[in-house]
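A short worksheet on the structure shown next.
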Amino acid sequence: MIPLAEMSREDFISPIVTGTSTHFLTARAAGRRMAEGGSGVILTLSASAVRAYIPGVYVGGFGIACAAIEALTRQLAAELGPRGIRVNCLRSEGIPESWEGVSTESWSGSPAEIEAQVKARSLLARATVLADVGNAAAFLASDRARATTGTVFNLTSGTVVD
């Protein structure tokens, strides 16, 4: 990635517009449908780029997009809660399975090296995997989390501490 001070407006704004618009449009459609039944759960997705700084790694507008998605989550929770709809966000760290077949030119190393870097930054000395995100999503969508709304569920294995 390119440092913000050297980035074009278009490259900066692209992830912000795409990420927030996608979440907004999907949540709007789901929220309308769920409101008819008086209940439901909407989950949004964010990433550690919203709060973490890694020397030499530039995330451009992506970190800002994640902050906007987390704010959108809170606003949706406030507006849809009275209709019986809960809204929460899942914030994860880089997930090793997602690196398969992806060019790592914008990352600092191979997928295995990136995983090692994530583990080294993590308070739990581990990388978050897809199963972790799936288990958290299943919990948040279940009645076991019925008192949870408007929150960001931190799945970063401790690379970001709230």
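Readers should treat all values here as calculations from the given coordinates under stated rules, not as data from a laboratory. A quick note: this is a predicted structure, and the numbers were derived from the prediction, not measured. Glycine gets a Cβ as well: all are built from the backbone with ideal geometry, and neighbour counts include every protein chain shown.
Add +1 for every Lys or Arg and -1 for every Asp or Glu among the other residues with Cβ under 13 Å from the Cβ of LEU124, and state the total.
Local net charge: +1.
Report, in order of residue number, the helices in the chain meeting two criteria: a C-alpha extent of 18 Å or more along the helix axis, and a mean Kyte-Doolittle hydropathy of at least -1.0; treat each whole DSSP H run as one helix.
Helices meeting the criterion: 9-37, 62-80.
Shape call for segment 1-50 from the C-alpha gyration tensor, a ≥ b ≥ c root eigenvalues: rounded (a/c under 1.5), prolate (a/b greater than b/c) or oblate?
Judged from the Cα gyration tensor, segment 1-50 comes out prolate (a/c at least 1.5, a/b above b/c).
For the chain, modelled as a Gaussian network with Cα springs under 10 Å, which listed residue fluctuates most, GLY84, GLY19, GLY56?
Looking only at GLY84, GLY19, GLY56, the largest GNM fluctuation is found for GLY56.
Once a ≥ b ≥ c are taken as the square roots of the eigenvalues of the Cα gyration tensor of segment 4-155, is the result rounded (a/c under 1.5), prolate (a/b larger than b/c) or oblate (a/b not larger than b/c)?
Verdict is oblate for segment 4-155.
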